[in-house]
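Enquirer: What follows is a single structure, and I will ask about it in a moment.
The values are calculated or read from the model by the stated rules, or taken from the named source; none is laboratory data. On a predicted model such as this, the values are computed, not experimentally measured, just so you know. Virtual Cβ from ideal backbone geometry, glycine too; neighbours counted across all protein chains shown. Side chains included, ligands, DNA and RNA excluded: accessible areas come from the protein's heavy atoms. Shrake-Rupley method; radii C 1.70, N 1.55, O 1.52, S 1.80 Å.
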Amino acid sequence: MSHKDEFIGFVERSITEIPQDVKIMFEFLDDGELSDDLRLRTAGTLLYLLAPGDLIPDTFGLLGHIDDSLVMRMTMAFVVENCPERRDHYFERYPEVFDTLEADLNAAHGFFGDIYPWMESWMAKLNEVEFKGK
């Protein structure tokens, strides 16, 4: 299977799971066992979803939701990687998302190639996002 086909599979699956991904983001925010930095990155991810000027604006229809889904999946991977003591909790609570998380991100990495590391470095700044001066 090509990187393009794997990425299309990720897109088809993840677009329908956006509401659940948002629910996971809010659960991360409420999880007192996560560090403040992880919760700030999660808050930045949610602000990114609301921002009209994200990488692919939502006015582009379905295409505009691909980046939203990818950003949330990248945040999920970052959180469970940096808080391994909570990994099992989230994998058990949301197996339909976390069981495919690594494959989803590998598909995106294969599809985007050299752009993917730039996306990861850009994601590292999500905890610094400001919204209306806050």
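Enquirer: Tell me yes or no: at least one residue of segment 32-52 is open to solvent by 60 Å² or more (accessible area, probe 1.4 Å), on the phi < 0 side of the Ramachandran plot and modelled with pLDDT under 85. So that I can check it myself, show each step before the final result.
Expert: Initial filter on segment 32-52 (open to solvent by 60 Å² or more (accessible area, probe 1.4 Å)): 32-33, 36-37, 39-40, 50, 52.
Imposing the further condition that a residue be on the phi < 0 side of the Ramachandran plot reduces the set to 32-33, 36-37, 39-40, 50, 52.
Within this subset, residues satisfying the condition of being modelled with pLDDT under 85 are 50, 52.
Yes: one or more hits.
Enquirer: Restricting attention to segment 15-50, and to residues there that are closer than 23 Å to Pro95 by Cβ and among the hydroxyl-bearing types (Ser, Thr, Tyr), which single residue is nearest to the chain's Cα centre (by Cα)?
Expert: Taking the candidates together, the pick is Thr45.
Yes/no matrix, rows are residues, columns are (1) open to solvent by less than 80 Å² (accessible area, probe 1.4 Å); (2) free of Cβ contacts under 8 Å to residues at least 60 places away in the same chain; (3) more than 21 Å from Asp37 (Cα to Cα); (4) of a type outside the set (D, E, K, R):
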site: Ala77; (1), (2), (3), (4): yes, yes, no, yes
site: Glu81; (1), (2), (3), (4): no, yes, no, no
site: Tyr90; (1), (2), (3), (4): yes, no, no, yes
site: Pro95; (1), (2), (3), (4): yes, yes, yes, yes
site: Ala103; (1), (2), (3), (4): yes, no, yes, yes
site: Ala107; (1), (2), (3), (4): yes, no, yes, yes
site: Asp114; (1), (2), (3), (4): no, yes, yes, no
site: Met119; (1), (2), (3), (4): yes, yes, no, yes
